[in-house]
Amino acid sequence: MNTRIRVLSVDDHPLLREGIAMIINSQADMTMVSQAAGGSEAIQKYREHKPDVTLMDLRLPDLSGIDAMIAIRAEFPDARIIMLTTFEGDVEIQRALEAGARGYLLKNMPPGEIVQAIRQVHAGKKRVPPEVASQLAEHMASESLTAREVDVLKQLAGGNRNRDIGELLGISEETVKVHVKHLMESWAPRTALRPSPSRCGVGSSSFSRGAADRESVSSSLV
């Protein structure tokens with residue numbers, strides 16, 4: 001039985017697509033099933049191949065990567081799509097995650113981190129690199145959060161679970177859950193995504209829709 005992770009790559013730069021294909025196909029547990037150069041083609045290729053994970057460039061010549069992702073997820077709600085971009089702006093991070101992205105990676109990341117992100121997303125987790133999660137945490141910190149909530153948020157962004165955060169900050173796990181609940185409520189008006197208050201936190205920031213194992217508020221609260 002073929003258990004390799006089937007990947008679709010979407011980018012308007014042929015050289016980058018070929019580079020990603022080489023990285024993916026060099027992994028024993030992955031295979032590049034198709035490539036697309038634009039958003040409309042990405043939708044078509046997704047319908048045709050139904051990949052396990054899609055790497056989607058944020059900026060495409062026709063549809064934006066986010067718009068293409070919205071269209072794909074409208075038809076395939078369980079689509080696992082990672083946004084791949086050079087842009088670190090808060091607004092783009094929020095838009096991508098609000099639209100249902102399972103990850104947000106920077107193109108200058110080492111190949112090993114990209115393939116690890118693919119594996120995590122395929123396993124049902126979500127992935128945002130620490131530098132992006134840190135930006136998001138700082139952005140959220142300016143939005144009526146207490147100093148302790150900011151501390152909790154940063155620890156979640158760093159990949160710690162509730163129990164670990166309690167030990168690091170010298171507070172109980174139940175107190176951490178209360179802070180996580182407030183963080184969730186603070187962000188709730190902007191998003192349909194909800195973190196699981198009982199299990200939040202994964203390295204480099206993973207998050208999920210509904211309840212998933214080890215979520216990170218840095219990414220799920222968007």
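Computed from the coordinates by the stated procedures, all read-outs in this text should not be read as laboratory data. Quick caveat: nothing in here was measured; it's all calculated off a predicted structure. Here the Cβ is made from the backbone with ideal geometry for all residues, glycine too, and neighbour counts use every protein chain on show.
Annotations
- In this entry, Leu63 is excluded by the filter for residues that are within 14 Å of the chain's Cα centre (by Cα) and free of Cβ contacts under 8 Å to residues at least 60 places away in the same chain.
- Any hit, the stretch 32-54, residues being within 14 Å of the chain's Cα centre (by Cα) and aliphatic (A, V, I, L, M): yes
- Candidate set: the stretch 42-57, residues that are of a type outside the set (A, V, I, L, M) and in contact with a helix residue (DSSP H, G or I) (Cβ under 9 Å, 6 or more places away or on another chain); chosen: the one surrounded by the fewest Cβ atoms within 10 Å (Cβ to Cβ): Arg47
- Test: Leu8 is closer than 16 Å to Asn108 by Cα and buried (at least 19 other Cβ atoms within 10 Å of the Cβ): no
- Residue match in the stretch 39-60 (condition: in contact with a Lys or Arg (Cβ under 6 Å, 6 or more places away or on another chain) and farther than 22 Å from Thr86 by Cα): yes
- Residue within the stretch 49-62 that is more than 13 Å from Ser9 (Cα to Cα) and not charged (D, E, K, R) present: yes
- Members of the stretch 11-41 found to be farther than 18 Å from Arg73 by Cβ, acidic (Asp, Glu) and surrounded by 15 or more Cβ atoms within 10 Å (Cβ to Cβ), listed by number: Asp11, Asp12
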